[in-house]
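The values are calculated or read from the model by the stated rules, or taken from the named source; none is laboratory data. Everything numeric in this text was worked out from a predicted model, so none of it was measured. Using ideal geometry, Cβ is built from the backbone for each residue, glycine included, and neighbour counts are taken over all protein chains shown.
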Amino acid sequence: MANTILVGAQWGDEGKGKIIDVLTGKADVVVRSQGGNNAGHTVIHGGTKYVLHLIPSGILRRGKVCVIGNGVVVDPVALVQEIEGLRKLGIKVDENLILSDCAHLVMPYHRVLDEQRELRKGRAKIGTTKRGIGPAYSDKAARTGLRVSDLMQPILFSKKLQAKIRENNSILQALGASPINYRDVREKYLAAGEKLRPFVANTVVYLHRALQKGKEILFEGAQGTFLDLDHGTYPYVTSSNTTAGGACTGSGVPPHRMDRVLGVMKAYTTRVGEGPLPTEDAKLADLLHKMGREFGATTGRPRRCGWFDAVATHYSAMINGIDELAITNLDGLDHVDPIKICVGYRLNGKRVHVPPPDAAQLDNCEPIYQQLPGWNKSTHSAKKLSQLPLQARNYIDRIAKLTGARLSMISIGPARGQTIAV
Ligand code: IMP
Ligand code: MG
């Protein structure tokens, strides 16, 4: 396997966790380069369900090194919990996890600020995961953040923390929220820091040595293209670059060392949180929820659902440079007939072929649909493409063609084996 960037081609929750788990079989190193514990990657293996938030999904395969890169924002208390949770399930973490000393920390005041900002926005809220991600990245951009390297120096950390808490408490008080106790936070964070110390390293150097040795690296994207801070449906986005470029800045691996970009997309569309979703369809959502599908892995919220949006995925292929596609959750459409595909938008009477940059405009876009017949049977046990019903193959071909990338994988269920290589 070449050095591969895996990105979500839609609004997140495309089933990346499972595809990463399958690809990790061939990779040596798996890297997270953006986002924080807002992410939720679900992997089902050997009958056990694992939900990963910060640790790359590669950790479930023995002997694979997992890196949390500089571009990730880390809540150290949550990371320790995740490590301990995995250990309890018998997963070896100790030799296989490396945490960048340059990663920024998510602090308790970030979480409160996230919550307060959302409350104040009322109906205009973003629908964040309330993990403090936006405020943590704001501090990073404002050059006032605390990093893992600070946490490794308790005296320095305490000093910086005290100033940060003082500053944030005056903001919290003005917002009518309870102030944060410096001593409590210092104690919790330093304790977590000591547990994390063995994992901390300069991950850029580690990755470059791995490249020199010819190791193959998989960059696991979190969230999805339309949640990208620059390219998504701003302001209804997350605060990191979820698109392919983010893998370079968030890891320190240069662009020319990347060999391919694999885009993961669902056979339909989902979104959690607020913001435009042109192909949203209440009936389809109802059907998927009744099947027990499409509930958020991090917050448990029911995801909003809609038809496959080829305008969006085509744009996504352009931004990310997607060469190969993995289509997931095909089985979600097993009993849907007919199936709609959005092939264009109409905005103010005119046809548009790319999503407009403004969220309100995108909200006003009316999808133009094409209909395809459904297959009305289970696809769960297909082992190869030829075992899929003809209508399903036609559907996949159509959405791959509209997206403009080569199809390389189809997922028809949560287990490792329910993956068809094309
Ligand atoms: P935040 O990342 O918590 O600030 O949330 C911003 C937006 O991104 C909200 O609409 C969230 O629902 C969405 N979001 C954040 N992380 C994920 C994810 O891992 N999957 C899907 N949506 C996400
Ligand atoms: Mg998810």
* Structure fact -> Of the candidates Ile91, Ile44, the one satisfying the condition of being more than 21 Å from the chain's Cα centre (by Cα), more than 22 Å from Ser240 (Cβ to Cβ) and not in a helix (DSSP H, G or I) is Ile91
* Asked: Which one of these does Phe308 not meet: (1) buried (at least 19 other Cβ atoms within 10 Å of the Cβ); (2) within 25 Å of Ile217 (Cβ to Cβ)?
  -> (2)
* Considering each of Gly40, Gly127, Gly69, Gly35 in turn, give the residue that is within 14 Å of ligand 1 (Cβ to nearest atom), in contact with a strand residue (DSSP E or B) (Cβ under 7 Å, 6 or more places away or on another chain) and among the small types (Gly, Ala, Ser). => Gly40
* Structure fact -> For Val261, the lone unmet condition from (1) within 24 Å of Val51 (Cβ to Cβ); (2) outside any helix (DSSP H, G or I); (3) within 19 Å of the chain's Cα centre (by Cα) is (1)
* Structure fact -> Matching residues in segment 175-190 (over 19 Å from His104 (Cβ atoms) and part of a helix (DSSP H, G or I)) number 4
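Determine whether Gly374 is under 30 Å from Leu52 (Cβ atoms) and out of contact with any Cys (no Cβ under 7 Å at 6 or more places or on another chain). Even if it seems obvious, please write down each step before you answer.
Values: under 30 Å from Leu52 (Cβ atoms): no; out of contact with any Cys (no Cβ under 7 Å at 6 or more places or on another chain): yes.
No: the conditions fail for Gly374.
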* **segment 368-388: number of residues that are surrounded by fewer than 12 Cβ atoms within 10 Å (Cβ to Cβ), of a type in the set (Ser, Thr, Tyr) and in a loop (DSSP other than H, G, I, E, B)** => 1
* To do: Would you mind telling me which numbered condition in (1) part of a strand (DSSP E or B); (2) more than 16 Å from the chain's Cα centre (by Cα) Val67 fails?
  => (2)
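Give segment 270-295 a look and list any residue that's in a helix (DSSP H, G or I), without any contact (Cβ under 8 Å) to a residue 12 or more places away in the chain and of a type in the set (Gly, Ala, Ser), or say none.
So the first thing to find is which residues in segment 270-295 are in a helix (DSSP H, G or I), and the list is 282-290.
This time we only want the ones that are without any contact (Cβ under 8 Å) to a residue 12 or more places away in the chain, so: 282-283, 286, 290.
Once the filter is applied, which keeps residues that are in a helix (DSSP H, G or I), without any contact (Cβ under 8 Å) to a residue 12 or more places away in the chain and of a type in the set (Gly, Ala, Ser), segment 270-295 yields only Ala282.
Name the residues in segment 10-27 that are under 21 Å from Gly250 (Cβ atoms) and within 14 Å of ligand 1 (Cβ to nearest atom), would you?
Those that are under 21 Å from Gly250 (Cβ atoms) and within 14 Å of ligand 1 (Cβ to nearest atom): Gln10, Trp11, Gly12, Asp13, Glu14, Lys16, Gly17, Ile20.
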* Asked: If we scan segment 135-156, do we find a residue that is surrounded by fewer than 23 Cβ atoms within 10 Å (Cβ to Cβ), of a type in the set (Ser, Thr, Tyr) and either modelled with pLDDT under 95 or more than 16 Å from ligand 1 (Cβ to nearest atom) (or both)?
  -> yes
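Which residue, of Val30, Val51, Val7, is crowded, with 24+ Cβ neighbours inside 10 Å, within 15 Å of ligand 1 (Cβ to nearest atom) and assigned to a strand (DSSP E or B)? It would help to see each step written out before you state the result.
Working: Val30 fails: within 15 Å of ligand 1 (Cβ to nearest atom); Val51 fails: crowded, with 24+ Cβ neighbours inside 10 Å.
Unique residue meeting the criteria: Val7.
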* Can you work out which of the residues in segment 58-102 that are aliphatic (A, V, I, L, M) and more than 20 Å from Lys16 (Cβ to Cβ) is modelled with the lowest pLDDT? => Leu89
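So, of the residues in segment 220-255 that are assigned to a helix (DSSP H, G or I) and surrounded by fewer than 23 Cβ atoms within 10 Å (Cβ to Cβ), which turns out to be farthest from ligand 1 (Cβ to nearest atom)?
Initial filter on segment 220-255 (assigned to a helix (DSSP H, G or I)): 225-227, 245-249, 255.
Then keep just the ones that are surrounded by fewer than 23 Cβ atoms within 10 Å (Cβ to Cβ); that gives 245, 248-249, 255.
On the way: Gly245: 18, Cys248: 20, Thr249: 18, Pro255: 24 Å.
Only one residue fits best here, namely Pro255.
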* May I ask you to list pairs of residues, at least six apart or on different chains, whose Cβ atoms are under 8 Å apart, with the first in segment 212-238 being closer than 15 Å to Ala312 by Cβ and at pLDDT 95 or above and the second being acidic (Asp, Glu) and in a loop (DSSP other than H, G, I, E, B)? => Gly224/Asp13; Gly224/Glu14; Tyr236/Glu274; Val237/Asp228
* Checking Thr225 against (1) within 16 Å of ligand 2 (Cβ to nearest atom); (2) more than 28 Å from Arg117 (Cα to Cα); (3) in contact with a helix residue (DSSP H, G or I) (Cβ under 7 Å, 6 or more places away or on another chain), the condition it does not meet -> (2)
